[in-house]
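Have a look at this one before I ask anything.
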Amino acid sequence: MATAGFTISYLGTGSGGSTLRDHTAMVLECPQGERILLDAASGNTVLRHGEQLGISPTEFDHCLLSHSHPDHCEGLPHIEMQRSRRNPAEAPMQVYGSERATSDIATLLAYPQRGLTVDADGVRRRDGRLVFTLQPTEPGEWVQLSPNVRARCAPVDHIGGAMAWRVESGERSVVFSGDTRWCPSLAELAEGATLLIHEALCVEAERHRAEETAHSTAAEAARIAQLAGVQALTLTHIDNAYHLDTEPLVAEARSVYDGPVSVAFDCWQQSV
Ligand SMILES: [Zn+2]
Ligand SMILES: [Zn+2]
């Protein structure tokens, strides 16, 4: 159902090493009702948690990928299989990401037993039908996803080809950090956004863990929110240590950022 703003359905909100939450994926419902997948989690998370929330994989044709770590993209072949089963004439899903991420995705999808082949147009089933188009996206380039929705990415500091995404519709915008170390240039992409969704692995007291794995602390996420002047901050990519008690993350973020702070959880829907 279309709302006046964005509704974000958090299908997976766990860190790569989480055993208590699913891996990262979200569906953005835009103000005019368009749905966009932001990252694809691993396994069948998008399908299983989508089912719980009444979101079918045939309802979105665009996927914006932050980077090619398995916890963010391995769900794609499962999503494709279900799309094709539900609608054998389904249009291809358009996957946007950096040159590096889309190239890694092509390798993932070409795994021999999947029955998919990769060519210059994208990824095909055995019958020749195109099921994915892979769209390498340059930082700063606006991608028009529908007449009302556009998106652009900016590089962040995690692995090669890691990007943050900004999605805009009308006056509203949602920015997703993907995985990243403290990355001041992200504040530019997030400038004035309605909502910043930022990863937070731990609190400052454990910052060595964030440093070792190229992630951010809650304070670092909040500093981006404060610098960018966003209207709200949601923390995600949550580690087991904070699964049940997210208060340390929230308290630390609130000490740095003046706006409202939330911590996402699997199957939570947030409207902004
Ligand atoms: Zn991750
Ligand atoms: Zn990662």
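Summing +1 for each Lys or Arg and -1 for each Asp or Glu, what net charge is found among the other residues whose Cβ lies under 9 Å from the Cβ of Gly14?
-3
To one decimal place, what Kirkwood hydrodynamic radius in Å is obtained for the chain from all pairs of distinct Cα atoms?
For the chain, the Kirkwood estimate is 18.3 Å.
Run through the DSSP bridge list for the range 1-69 and note the antiparallel percent, rounded to the nearest 5.
75
Tally Lys/Arg at +1 and Asp/Glu at -1 over every other residue whose Cβ is under 10 Å from the Cβ of Thr194; what's the total?
-1
So how much slack lies between His208 and Gln135, counting 0.36 nm per residue of separation and subtracting their Cα-Cα distance, in nm?
22.7 nm
Turning to a different aspect of this structure: Which one, His78, Ala41, Gln135, projects farthest toward the positive side of the charge dipole computed for the chain from Cβ point charges (K/R +1, D/E -1)?
The residue sitting farthest along the positive end of the dipole is His78.
State the Cα centre-to-centre distance between the range 142-169 and the range 8-29 in whole Å.
19
Percent antiparallel among DSSP beta bridges with both residues in the chain, to the nearest 5?
Of all bridge pairs located within the chain, approximately 60 percent are antiparallel.
Same structure, new question: By DSSP, what percent of the beta bridges with both residues in the range 79-214 are antiparallel, rounded to the nearest 5?
The antiparallel proportion sits near 70 percent.
Sort 44-54, 205-215 for me by packing, meaning the mean count of neighbouring Cβ atoms within 10 Å per residue, highest on top.
For the peptides 44-54, 205-215, the packing ranking is 44-54, 205-215.
Still on this structure, please answer the following. Pairwise over distinct Cα atoms, reciprocal of the mean inverse distance: report the Kirkwood radius of the range 90-216 in Å, one decimal place.
16.3
Then there is this: Give, rounded to the nearest 20 debye, the magnitude of the charge dipole that the chain has about its Cα centre when Lys and Arg contribute +1 at Cβ and Asp and Glu contribute -1 at Cβ.
Charge dipole, the chain, about its Cα centre: 740 debye, nearest 20.
Additional query: Give me the net charge for the shell around Asp266: Cβ to Cβ below 11 angstrom, other residues only, Lys and Arg +1, Asp and Glu -1.
+1
Also, quick follow-up: Quickly work out the Arg114-to-Arg100 label distance, labels modelled 7 Å from Cα along the C-beta direction, and quote it in nm with one decimal.
That separation, rounded to one decimal, is 2.0 nm.
Determine the principal axes of the Cα atoms in the range 144-209, then give the extent along each, sorted from largest to smallest and rounded to whole angstroms.
Between the extreme Cα coordinates on each principal axis of the range 144-209 lie 44, 24, 16 Å.
Further question: Suppose R0 equals 30 Å; then what is the FRET efficiency for Asp245 and Glu51 from their Cβ-Cβ distance, rounded to the nearest 0.05?
Computed FRET efficiency for Asp245 and Glu51 comes out at 0.60.
Taken together, the values in this text are just the output of simple stated rules run on the coordinates, not laboratory data. The structure presented is a predicted model; accordingly, all values stated were derived computationally and were not measured. Positions of Cβ are backbone-derived with ideal geometry, glycine not excepted, and every protein chain shown enters the neighbour counts.
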